[in-house]
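Structure first, commentary second.
Throughout, read-outs are computed from the coordinates displayed, never taken from laboratory work. Since we're looking at a predicted model, the values are computed, not measured. All Cβ positions, even for glycine, are placed from backbone atoms using ideal geometry, and neighbour counts span all protein chains on display.
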Amino acid sequence: MPAGKLHFMYAAMNAGKSTLLLQMAHNYREMGMQVMIWSSDQHEVNESGELFVESRIGLREPANVYHKDTPIRDMIKEAHSQSELNAVFVDEAQFLTPDQAWELALVADDLNLPVYTFGLRTDFQGHLFEGSATLLAISDVIQEVKTICHCGRPATMTARRDAEGNFVRTGEQISIAKSDYVSLCRSHWLQSIEREAAN
């Protein structure tokens, strides 16, 4: 049985992180293996209390919902004891608390399960999310999911726009509406910040 490892796959917005998660989960299931998928309560839960990991290309899977106070390690351990899991997938991992990120490391270490986490590295102001900061510090495997800026360079930053399409640099760290964001290279991200400051 392969050793469990904690993986962190990060990217700017619209890089296909959720698509990759769903494809990897599908690959496990196609081989007759069982997976557990999680996502943050920052996403909309339907009237039945269900939450889905959804990709921009139309793929979707139901997911377990984690909140700031969810004992995620205990819940994975309980599910694993009832029906053996082969992998755990976590979408929107930037919203994990530092303690939850460490709990996922313990899932990899103690339950010998591969744990794949997917999320943004930084917010629209260029600051690390606390979940991402912890995952960058403790993950066994760190991988960037590539996407591109409108200029063709690698997009490593995420910028936020207001309703009029203007770039903004102030506001709450978390805003889920994907239409509010654009992925940029560092150079164009800096230009967007300078342009906003000049207005």
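Scanning the range 128-153 for residues that are of a type in the set (A, V, I, L, M, F, W, C) and over 12 Å from the mean Cα position of the chain (by Cα) turns up Leu128, Ala133, Leu136, Ala137, Ile138, Val141, Ile142, Ile148, Cys149, Cys151. Of Leu111, Leu6, Leu51, all but one fail to be closer than 17 Å to Asp140 by Cβ and in contact with a strand residue (DSSP E or B) (Cβ under 6 Å, 6 or more places away or on another chain); the exception is Leu6.
Applying the criterion of at least 1 residues that are in contact with a helix residue (DSSP H, G or I) (Cβ under 9 Å, 6 or more places away or on another chain), among the small types (Gly, Ala, Ser) and within 27 Å of Lys146 (Cβ to Cβ) to the strands (runs of 3 or more DSSP E) found wholly in the range 1-114 leaves 6-11, 35-40, 87-90.
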